Amino acid sequence: MWSSKDIACIIFLAVLGLVSTALVVQMAGLISGIPGANYVFTIVLAVQTSFSFLAYEGRRWRFFVQFSLFTFMVIPTYLGGPPFDVPGRIHFFITGFLADLVINSFYETFKKREKLDWWSVSGALLFWVMLPFSALLIRPLFYSPEAVALFANVVLLLLPVIIAESIAGGYLGYRIYLRVRKDSFK
């Protein structure tokens, strides 16, 4: 059974993701009109992803529920495609499910070895590298080949940025988690 603390954390982190998306993350795609340009701001959401995984402490399905709620809330934004494009965001659900399944499977192993920083960084990296590639699997079903090719080119061009920002975001999320955890037990 999920505690009220878990539910509050899920809702808070999903809303925080919506606010950061509306204020920062969607701006690259909004200003340029280039599909996939939002990955320039991966670090903003990678910090939240890393913090989320750590806050749930390896408990299953909380991240998936949080990311699903986040996905429903960002439908009117430019994150992941044009606003109100529900089929174009199916890959968010798939990636959230797979990430929750895979990343949380290794939580106990990393915790026993006191390497949660590595778990946090690798979790954020895996999630944010997996997200655009799952989009490339889904987009041909809903978009023209030209739009898919443009998105693929942008993602491949931004892949080093996505990797670097995911690593940095994963580490920052870990540091924020340590600070919040330390302050909450005083």
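Points worth noting:
- Taking the longest Cα principal axis of the chain as reference, the axis of helix 90-103 is set at about 30 degrees.
- For segment 54-136: relative contact order, % (alpha-carbon pairs under 8 angstrom, 6 or more apart): 33
- Cubic angstrom per residue, convex hull over Cα atoms of segment 16-120: 86
- When you restrict to C-alpha pairs under 8 Å that are six or more residues apart and normalise by the size of segment 4-184, the relative contact order lands at 32 percent.
- Listing Phe106, Phe92 from fewest to most neighbouring C-beta atoms within 10 Å gives Phe106, Phe92.
- Folded to 0 to 90 degrees: helix 116-138 orientation relative to the chain principal axis, Cα: 20
- For the options Tyr56, Tyr78, Tyr143, a Gaussian network treatment of the chain with springs between C-alpha atoms closer than 10 Å singles out Tyr143 as fluctuating the most.
- Within the listed set Arg60, Arg89, Arg113, the residue fluctuating most in the Gaussian network model of the chain (springs between alpha-carbon atoms under 10 angstrom) is Arg113.
- Rounded tilt (10° steps) of 42-56 against the dominant C-alpha axis of the chain: 40
- Here the chain is treated as an ellipsoid with the same Cα gyration tensor; its semi-axes, largest first and in whole Å, are 28, 17, 15.
- Taking the fewest neighbouring Cβ atoms within 10 Å as the starting point, the ordered list for Ser50, Ser3 is Ser3, Ser50.
- If you count Lys pairs in the chain whose Cα atoms are under 23 Å apart, skipping same-chain pairs closer than 8 places in sequence, the total is 7.
Just so you know, all these numbers are worked out from the coordinates, no wet-lab data involved. Quantities reported herein were computed from a predicted structural model and do not represent experimental measurements. Note: ideal-geometry Cβ built from the backbone for every residue, glycine included; neighbour counts use all protein chains shown.
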